[in-house]
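Chemist: Quick one: the structure is below, and I'll ask about it shortly.
The values are calculated or read from the model by the stated rules, or taken from the named source; none is laboratory data. This one's a predicted model, so the numbers in the text were calculated from it and none came from an experiment. Here the Cβ positions follow ideal geometry from the backbone for every residue, glycine too, while neighbour counts run over all protein chains shown.
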Amino acid sequence: MKKPIMLSAFVLALAMTGCTTKQPQFNVNDCASADWQNIGIKDGQNGYSAQRILSHQKICQAAGISPNRAAWEEGRQIGLKSYCTKSNAYEMGRRGYELTGVCDHNLEELHHANMMGLQQYEMSQRIHHPYGHGYYGGYPFLPWYFY
């Protein structure tokens, strides 16, 4: 009786992990009509460094188009204002992510908020996975309560 329930719970959890949304990928067709400031805002909100423009440049090179670096950087700076906040640093930690090194002010406060979020994440992982991850939680056999 327990095995079918556990199996269906596992399948449900596996199916739900496929439902996460991803940001659409930038491709060569987007280069001609690109709003570089808006792309920069999104890149800044996601914590990308100034090197990100190089990947956009590489993609657009195939179409013979060069990105507007000034508009992109202006947008990225706007996006970084929402990325480099204590609330975002904490939420990133709660989801298990560390901040990237793009913020240039309040570093100590942001690091502290991110570490607090990471501690919450680690505690929730311990609660939800008391035997750890891996092959049956690190054991070569199932725990007694699965039989």
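Chemist: Exactly one condition in (1) surrounded by 12 or more Cβ atoms within 10 Å (Cβ to Cβ); (2) at pLDDT below 95; (3) more than 15 Å from the chain's Cα centre (by Cα) is false for W72; which is it?
Modeler: Just one mismatch for W72, condition (2).
Chemist: Let me ask another. Restricted to the stretch 93-127, and to residues that are in contact (Cβ under 8 Å) with a residue 40 or more places away in the chain and not small (G, A, S), which residue is surrounded by the most Cβ atoms within 10 Å (Cβ to Cβ)?
Modeler: Only one residue fits best here, namely L99.
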